[in-house]
Amino acid sequence: MNGFARQRYLLDFTVASLMRRPGRNLSLLLVYTLVVFLLASVMLYSQAIKGKAAALLQGAPEIVVQRMEAGRHALMPAAYLERLGRLRGVAEVQGRLWGYYYDPAVAANYTVMAPARDGAAPGQVRIGAGIARVRGLAAGDVFSLRGYDGQPHAYTVAAVLPATSELVSADLMLIAPADFRAFFGLADDVYTDLALSVTNPAEVRQVARKLAERLPDCRPILREEVLRTYESVFDWREGMLLAVLAGAVFAFLIFAWDKATGLSAEERREIGILRAIGWETGDVLRMKLWEGGLISFTAFCLGYGLAHLHVFHAGAPLFAGVMRGWSVLQPHFALTPQVDALQLTTLFLLSVVPYTVVTLVPVWRAATVDPDSIMR
Amino acid sequence: MIELAAVTKTFNAGRPNEYQALRGVDLAIEAGRVTALRGPSGSGKTTLLTLIGCLARPSSGRVRLAGEDISALPERFLAELRLRRFGFVFQRFNLIPGLSALDNILLPAYPLGLPYHELRARADTLMASLEIDHRAATRVDWLSGGEVQRVAIARALINDPPVIIADEPTAHLDSRLSLEFLALLGRLKEAGKTVVIASHDPLVFETGLPDRVADLRDGRIVGVTP
Ligand SMILES: Nc1ncnc2c1ncn2[C@@H]1O[C@H](COP(=O)(O)OP(=O)(O)OP(=O)(O)O)[C@@H](O)[C@H]1O
Ligand SMILES: [Mg+2]
């Protein structure tokens, strides 16, 4: 009880003491909050986006087979479908039709796909939200593009793809297979590549190996490898962002170091007074611990809270560009709010502990000076 | 109450700027009386006060407080003694700027962790008796000189210590405030406190407040009256 009351008094004193220099302490809190906010935003954003991309790729085929010609991706003859269908362990093979289209009108690249199922009816197109935005299209409008032959091809917009999957589908347009062949000038007996699903996911690698033996001019691409590539790309971008941030953090450290370590003569005198009237070194340290903890904890809560709002509710306007690529078709999509305990702890330790410790060092030095110094 | 025997204090011992501020002081301070240390500047008054008030330890010799030898106690215990046994009034009063009068007065009580209502009641009584209760919430920077000294006294008394130590308390006060302050010390003595004061202000001695005067010169006691 006694110890508790004592801590409360120390805390009260700390608050009263902080209130004496509102300008100084508020500016410190502000800069501190900003740094936590930036750090937390990057962490929350990249984690959420990685989770999102992984979730979307879950729907992708387990193996994609591409034919290679002179080391480059070439069209896949339909006959290969037959040769593969008899491979053991393969549940289903499907020829896929997809490609890229550069739209000079808005200087953007679209991904054009013609799925066998759930694509679009002939003469119709379903477009990603990004395309709808830059071209100002809505369902029912006519979307006209210049085909391989230089002739205009017009499609009716059947629907705009739901924004939930926008990260991957913002620049997507879906058309019917026959329209696709007509638009790009492909023969009827070729595909872009093949998508395979396997009976037993654990055998993906064996299947891929057999496949490479049977079709020596083809290369299998595994979904798990794509996932890894995605992750490393995002990691790389996160790293880059963090490197930029490191500058900000460094500046803050200098700032904080200055505020924290440069005990003013005034503070030194105050500590001397407290020591002289009977406070122990420990009391002074505890008081300063409250002070550092109060500032850094407040900054942590504010910074993290703001970062949460920024990333999950405001769509992370600050680094959407960096993290998702500089595509003209900025995907606008809401990330699912999530709080990761490990991440939270890391951030907490990174933001609260160093500052609190750093503030203690000079105080400890000042608090151990002779209590009679104040008499001189 | 407090006894000093063959006490010396050497600053910067072993270094070229070694200085012996006290050179064998014997002094007995009686409880319930006002003892004054008098002497020219540099004679060692403040140094002697720091030893009496457990702010520092002697280089040699013994300091006994109520019969207990405190000359070799670790700092943690000295802090505890300062907290409970001594009230300090410093030369410039050393209040903490920016804090209210009440906050300043409560400072020495915080480490004791008493229940707040008890502490507050004690502070209120003190402030009422010193006629500063209407200034409790005022920042000390805005108090008048007389109010500042009374806040300083209230702070020295908050833990109800038996001994009050004051170093040159009148050095920065005009005659009127000095006399006021000495009158307050007189009231404390009547209330049974032991008062030790260091001063070379003639006013202190003219008022006849000190029961005993110890004259210091060059770190030695050259006379005690009576
Ligand atoms: N920490 C210290 N280091 C070195 N010398 C010191 C220290 N403290 C005091 N002295 C010296 O000890 C001597 C006595 O100092 P002290 O402060 O006790 O004198 P005083 O009688 O209180 O003087 P004053 O009337 O000016 O306050 C002085 O010469 C002073 O310079
Ligand atoms: Mg002095």
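Ignoring the sites themselves, what is the longest stretch of chain B with no GluC sites (Glu not before Pro) in a DSSP loop and at most 14 other beta-carbon atoms within 10 Å? Walk me through the numbers before you get to the answer.
On the way: sites that count: B:GLU18, B:GLU30, B:GLU131.
So the longest stretch without any such site is B:31-130.
Which of the trypsin sites (Lys or Arg not before Pro) found in the stretch B:29-63 are in a DSSP loop and have at most 15 neighbouring Cβ atoms, other than their own, within 10 Å? Passing sites in the stretch B:29-63 are B:ARG33. For the segment B:94-102, counting C-beta atoms of other chains within 10 Å of every residue's C-beta and taking the mean gives 4.
GNM remark for chain A: springs join alpha carbons under 10 Å apart, and the peak mean-square fluctuation among A:VAL90, A:VAL36, A:VAL157 falls on A:VAL90. Both radii were evaluated on the Cα set of chain B; the Rg over Rh quotient, with Rh as the Kirkwood radius, amounts to 0.97. Among A:LEU18, A:LEU174, a tally of other beta-carbon atoms within 10 Å of each Cβ gives an order, fewest to most, of A:LEU18, A:LEU174. Roughly what % antiparallel, to the nearest 5, for the DSSP beta bridges in the protein assembly as shown? Here the share of antiparallel DSSP bridges comes out near 70 percent.
How large is the convex hull of the C-alpha atoms of the stretch A:73-149 per residue, in Å³? Per-residue hull volume (Cα only) is 151 Å³. Against chain A, whose longest principal axis is taken from its Cα atoms, helix A:2-18 shows a tilt of about 80°. Over the C-alpha trace of the stretch B:1-67, radius of gyration and Dmax come out as 12.2, 42 angstrom.
Our coupling estimate for the stretch A:155-161, obtained by passing each phi through the Karplus curve with A = 6.51, B = -1.76, C = 1.60 and θ = phi - 60°, is 10, 8, 6, 7, 6, 9, 4 Hz, Gly and Pro reported as x. With 10 Å bins beginning at zero, the pair-distance distribution over Cα atoms of the stretch A:61-222 amounts to 10, 36, 30, 19, 5 %. For B:LYS9, the lysines whose Cα comes closer than 26 Å to its Cα, not counting residues fewer than 8 places off in the same chain, are B:LYS45.
Counts of other chain beta carbons within 10 angstrom of each beta carbon in peptide B:72-82 average 3. Comparing A:ALA79, A:ALA55, A:ALA108 in a Gaussian network model of chain A, where Cα atoms under 10 Å apart are tied by springs, the biggest mean-square fluctuation is seen for A:ALA79. A crude spin-label estimate for the pair A:GLN94 and A:MET240, with each label 7 Å from Cα along the Cβ direction, gives 3.3 nm. Taking a straight Cα-Cα cut-off under 19 Å and skipping sequence neighbours fewer than 8 places away in the same chain, the lysines within cross-link reach of A:LYS288 are A:LYS259.
The packing ranking, built from the mean of other Cβ atoms within 10 Å per residue, places the peptides A:145-151, B:20-26, A:57-63, A:284-290 in the order A:284-290, B:20-26, A:57-63, A:145-151, highest first. Note on the protein assembly as shown: Kirkwood radius taken over Cα pairs, Stokes-Einstein applied at 20 °C and 1.002 mPa s, translational D equal to 69 µm² s⁻¹.
Which residue fluctuates the most in chain A, going by a Gaussian network model with Cα springs under 10 Å, if the choices are A:LEU349, A:LEU38, A:LEU294? Looking only at A:LEU349, A:LEU38, A:LEU294, the biggest GNM fluctuation is shown by A:LEU349.
Bear in mind these aren't lab numbers, they're just calculated from the coordinates by the rules spelled out. These numbers were taken from a predicted model, which means no experiment stands behind them. Every residue, glycine among them, receives a Cβ derived from its backbone with ideal geometry; neighbour counts consider all protein chains shown.
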